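**Student:** Here it is, the structure in full.
No value in this document is a laboratory result; all are computed from the given coordinates. Keep in mind that this is a model prediction, so the values were computed, not measured. For neighbour counting, all protein chains shown are included, and Cβ atoms are generated from backbone atoms with ideal geometry for every residue, glycine included.
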Amino acid sequence: MKRRPNRAVSFERPIKRWPIVTLNRVLTVARALRRLRPPISEQSLTEAAQRRTGLADFGDDSFRDPMRRLIQALEDEGNLDEFGWILARGQILLCLENRLRVQREWVSRPQILDGSIEPPLFILGLPRTGSTLLVNLLGRDPNHRFLANWEAMRPAPFRSTRGRDMRRKVAARHLRILDYLAPSLGAIHEMRIAGPEECVPLLANSFRGSQFFSAFHLPAYQCWLQAQDHAPAYEYHRRQLLLLQWQRPGNRWLLKAPAHLLFLDSLFRIFPRARVVQLHRDPFKVIPSVCSLNATVQSLGAKSVDLKALGPHWAATWAEALDRAIKVRERFAEAFCDVLYRDLMADPLHAVRLIYERFGYPLSDQLRGSMAVELARNPQHKRGIHRYSLATFGLEAREVERRFGRYVDVFRVPREPD
C-alpha cells in the first residue's frame, strides 16, 4: 500500500510489531526456564565474530575498553527487552566482524594505508537541520565521493561462498526490516541503499562515536564516552576511508554526521585540512525533533521510553557540544561555511552556490541541473510530515533559551514559527 505523502508522523507511544511482542514473550518465558539468551560478554562476542568470519585479528586493542563499558552499560541502564538484547548483540557483532574484515584487507594489501585523502568536506551541525537534503544535493557532484549506505554498514568486502560481494543485498534487507519495525522512521530520517550515509557506523567500529548511545538510552555511558579522546576513532575512520576509496576511487570525500559536532576537536586533529559546512536551526525546533527521532529508534528495543527524560538529556548534550565547537572554530575559522536551515529550505541551490563559492569548488550549469532533478524527485515531506513539541519531551521554553542563548546570538539563528 502506498504511503500518503502528507501524513503526520509523531512519537506518542512505542510501536511494537506483533512478531516482536510475541518474541519478547517467548524469550521471557524461556529465560525464566533458564534457557537464556546468547551471552553478551567480551569473550562470547569476540569468539562469535571470529567464528562467523573465519578470521582472528581485530587489530589493536583500543576498542576493548569502550566495548566492555558498553556491554556493562546495556546491563545497568539500557532497560532492554528481549528483542533489545538481540538488537544490541547484533550491532556489537557487526562492529567486531567489520574490524576483522578491514584488518584482513589492510594486512593483505598494505599499500591501501599508503594512500592519501584529499581535504574532505564535512557536513555537520545540530541534528534535524537539513544535512540529509544537503548531502544528497552535493552527492550529485562527480567530484564528490560520498559514503554510501551499503558500504558504511560494511566497509570491507563481505562475500558469499560463490565469491559475490553481498553488501548491497544485505544492506537492502536491513533497511526493509527497519522500515517494517519502525514505519515512521522514514519520515524522520531518510535512508537510501545507494545514497549518502552518515559516518556514524564507521566510528562505531572503534566502539566510539554516537551510534550506541543514540540507539539505546545510556546516559552514564554517554557521559563517559564523550569525555574520552576521540582522535583514535577518527584515525580508524580515516583508515577505513582509505580502504573504501581503494575499492571505489573518488576525488573529494563528502562526509556528514551531526554527531561530528560532539567531537570536533578530534576531527580536526586527524583531518586538519578539512572543510566544514555547519548547518544552523532554531533549537526550539531541533531539540524536540531530535528527541522524537531517538525515541523512535530506542523504542525498538526498550521496555519503555521515558519521554520526559529525553528532552533535558539531549538539550544538555547538544548545548555542550555547541559551546565546545565555538571554541574549536576559533582555531579553524577559515575551514567553515555557515548555512541557516531557513535559507537552505527556501532556496537549496542558492545555498549550494554559496558553499561552492566559499571553498572555491566549480559549479557548472550541468551540475546545477542535476541537483534540481534531485530536488524534484525528493521533495520535503515525501514520506510524511514530522510533528513534535517541547512539552512531549519534558522541556520548557525558558530552559531552551537558557541553554542555547549564546549559540543563537553567535550565529544569528532566527526563530521559526510554531
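**Student:** For the chain, what is the charge dipole size about the Cα centre, in debye to the nearest 20, if Lys and Arg each add +1 at the Cβ and Asp and Glu each add -1 at the Cβ? Walk me through the numbers before you get to the answer.
**Tutor:** On the way: 66 positive and 44 negative charges, 334 e Å.
Roughly 1600 debye, rounded to the nearest 20.
**Student:** Quick one: how many lysine pairs in the chain have C-alpha atoms under 25 angstrom apart, if they're 8 or more apart or on different chains?
**Tutor:** 14
**Student:** Taking every Cα atom in the chain, find the radius of gyration and the maximum pairwise distance Dmax, and write them in Å.
**Tutor:** Both quantities, over Cα of the chain: 21.1, 67 Å.
**Student:** Here's another thing I want to ask about it. Based on the Cβ-Cβ distance from Arg398 to Ile177, what FRET efficiency comes out when R0 is 30 Å, to the nearest 0.05? Please list the in-between numbers first.
**Tutor:** On the way: r = 42 Å, r/R0 = 1.39.
That pair, Arg398 with Ile177, gives E of 0.10.
**Student:** Gaussian network model of the chain, Cα springs within a sub-10 Å range: biggest mean-square fluctuation belongs to which of Asp165, Asp61, Asp282?
**Tutor:** Looking only at Asp165, Asp61, Asp282, the largest GNM fluctuation is found for Asp61.
**Student:** Once amide H atoms are built 1.01 Å from N in the peptide plane, which residues 5 or more positions from Cys337, or in another chain, come under 5 Å H to H?
**Tutor:** Result for Cys337 returns Val276, Val277, Gln278.
**Student:** Continuing with this model, one more query. Counting DSSP beta bridges in the chain, what percent are antiparallel, to the nearest 5? Walk me through the numbers before you get to the answer.
**Tutor:** Values: 3 of 21 bridges.
Expressed as a percentage, antiparallel bridges in the chain total about 15.
**Student:** Here's another thing I want to ask about it. Given His174, Gln298, Ala231, which one lies farthest toward the positive end of the charge dipole of the stretch 8-411, if we put +1 on the Cβ of every Lys and Arg and -1 on the Cβ of every Asp and Glu?
**Tutor:** Result: His174, furthest along the dipole toward the positive end.
**Student:** Using 0.36 nm per residue, how much length does the chain from Arg159 to Ala346 gain when fully extended, once their Cα-Cα distance is taken away? Mind dumping the intermediate values first?
**Tutor:** Numbers: separation 187, 0.36 × 187 = 67.32 nm, distance 4.44 nm.
Stretched out fully, the Arg159 to Ala346 stretch lengthens by 62.9 nm.
**Student:** Quick check on packing: order 271-278, 305-312, 155-162, 125-132 by the mean number of other C-beta atoms within 10 Å, highest mean leading.
**Tutor:** On the way: 271-278: 19.8, 305-312: 18.0, 155-162: 14.6, 125-132: 24.6.
So the peptides 271-278, 305-312, 155-162, 125-132, ranked by packing, come out 125-132, 271-278, 305-312, 155-162.
**Student:** Quick one: dipole size for the stretch 98-148, taken about the Cα centre, charges +1 on Lys/Arg Cβ and -1 on Asp/Glu Cβ, in debye to the nearest 20.
**Tutor:** Computed about the Cα centre, the dipole is about 260 debye.
**Student:** Calculate the spin-label point distance for Ser44 paired with Lys303, positioning each point 7 Å from the Cα along the beta-carbon direction, and give it in nanometres.
**Tutor:** 1.8
**Student:** A further question follows. Trp224 to Val410: extension gain in nm, 0.36 nm per residue of separation minus the Cα-Cα distance? Intermediate results must be reported in sequence, preceding the final value.
**Tutor:** Working: separation 186, 0.36 × 186 = 66.96 nm, distance 2.85 nm.
Result for the pair: 64.1 nm of gain on full extension.
**Student:** Another question about this same structure. Which of the helices in the chain, when you take each full DSSP H run, stretch at least 15 Å along the axis at their Cα atoms and have an average Kyte-Doolittle score of 0.0 or higher?
**Tutor:** On the way: long enough: 18-32 (21 Å, 0.79); 42-53 (17 Å, -1.48); 64-77 (19 Å, -1.20); 82-108 (39 Å, 0.04); 167-181 (21 Å, -0.41); 231-247 (24 Å, -0.74); 283-298 (22 Å, 0.73); 307-329 (33 Å, -0.03); 348-359 (17 Å, 0.19); 365-377 (18 Å, -0.26); 397-411 (19 Å, -0.68).
What comes out of the filter, once short or polar helices are dropped, is 18-32, 82-108, 283-298, 348-359.
**Student:** Run the numbers on the chain and let me know its relative contact order in percent, using alpha-carbon pairs under 8 Å that are six or more apart.
**Tutor:** 26
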